[in-house]
Structures are given as C-alpha cells and as structure tokens.
Amino acid sequence: MKFKSENKGFSLVELIVVIAIFSVVGVIVGGFLLTASRSYSINANELNLQDEAQLVANQVQEMVLDTSYGISYQYVVTDHTGAHLINYMENDAVTLPAGDLSQKDLYIYGKDQYYHIFWNKEKAELYLKEYAKNGSGDYVLAEGMPSEGVLFGEYIANFEVDLSKVASDR
C-alpha cells in the first residue's frame, strides 16, 4: 500500500510564523494609532481652552465697552508687611506690584446693574456676579444669580486688566 502525499495546506510552523508577523505588525500599527489619538486629544483640549479664553475676553470686553457708569479694578496683594487692597479706576495705568496676588476683582457699573468679575487663584477659575437695582434703588444679586457667582472661565492662570484705554476705546 502506497500513500500519496498531497500538500494542499499550511504546516503548523508556517501558521505560527504568519501569526507572529501579523502580531508584530498589529502592535506597531496599534502604537501609531494610540499615539495619534493622544496627540489629537491634547490638541483638541488646547484648542478648547483657547476658544474659552477668547470667549471670556470678548465677553468682558463687551461689558466694558457697553458700560456707562465706570469701571474699577482692585486686587489684594500680600507682602512682608501684610495684605493691601489696591484699587484702580477707569483710565488708570495698572502696575502690579511684587508679592502674592491672592484676589483680583473687576467691577463694571451700568445704569441699573453692575457686574463683579473675580478670579479665584486656588481654583484657577473666573466667576461672574450680576447685581441689579431693586424697587428701593439698592443693588442686590440679580434674580437667579447664585451667591457664589457663576463660573465664567476655567483654567485661568492669571487675570489682569488694563484700564488705561477704556474711555478712548468706547
């Protein structure tokens, strides 16, 4: 009895080699895809932060340009002699002193309302409070405005205001 050998398939060794090659190629392609995905995510987050910063800057600029009763900018600086409140009014050139600037506030006054924008250094966030005149002419928090204010911007590393050109830009 004779057996005929017909090799119509792959040997086990050949299959293992092919699987190993595909595995290596798969790991390499997967690494490229993972790197591209991380890069896209980082760039998308950076773009979102830039868009948010531009939106906040535009909103503050609109508030400043629309005001008719004045603007003030104040901050508290702490140095070796203690805490000092420094206040600037419209058209003042703002110069920030050395020391820890722990609080910065911008007040934008209108006829029947005013806005208080303040920076929280620890949280790196900017908040907005709106005040409106009530029936007796006193300023109170606007209706629906929470007492802690509304979040106006996140990831704000610093908040500076230049009031020197406000009147000329209006």
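The values are calculated or read from the model by the stated rules, or taken from the named source; none is laboratory data. All values derive from a computational prediction rather than experimental measurement. Neighbour counts are summed over all protein chains in view; Cβ atoms, including those assigned to glycine, are modelled from backbone coordinates with ideal geometry. With ligands, DNA and RNA removed, areas are computed over all heavy atoms of the protein, side chains included. Shrake-Rupley method; radii C 1.70, N 1.55, O 1.52, S 1.80 Å.
Numbers at a glance
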| read-out | value |
| --- | --- |
| Matching residues, region 142-166, being of a type outside the set (S, T, N, Q), open to solvent by less than 60 Å² (accessible area, probe 1.4 Å) and over 15 Å from the mean Cα position of the chain (by Cα) | 142, 145, 146, 149, 161, 163, 166 |
| Cβ pairs under 8 Å, 6+ apart, first in region 10-31 and open to solvent by 90 Å² or more (accessible area, probe 1.4 Å), second among the aliphatic types (A, V, I, L, M) | 10/18 |
| Residue tally, condition farther than 25 Å from residue 103 by Cα and either among the basic types (Lys, Arg) or in contact with a Phe, Trp or Tyr (Cβ under 9 Å, 6 or more places away or on another chain) (or both), over region 128-144 | 1 |
| Region 117-132: number of residues that are in contact with a His (Cβ under 9 Å, 6 or more places away or on another chain) and of a type in the set (A, V, I, L, M) | 1 |
| Subset of region 32-71 that is of a type in the set (D, E, K, R) and open to solvent by 100 Å² or more (accessible area, probe 1.4 Å) - its residue that is farthest from residue 160 (Cα to Cα) | 38 |
| Within region 100-141, tally of residues that are under 19 Å from residue 55 (Cα atoms) and either assigned to a strand (DSSP E or B) or over 18 Å from the mean Cα position of the chain (by Cα) (or both) | 16 |
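To keep it simple, each residue is scored yes or no on (1) touching a strand residue (DSSP E or B) at 6+ places or on another chain (Cβ under 7 Å); (2) open to solvent by 80 Å² or more (accessible area, probe 1.4 Å); (3) at pLDDT 80 or above.
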{"site": "80", "(1), (2), (3)": "no, yes, no"}
{"site": "100", "(1), (2), (3)": "yes, no, no"}
{"site": "109", "(1), (2), (3)": "yes, no, yes"}
{"site": "121", "(1), (2), (3)": "yes, yes, yes"}
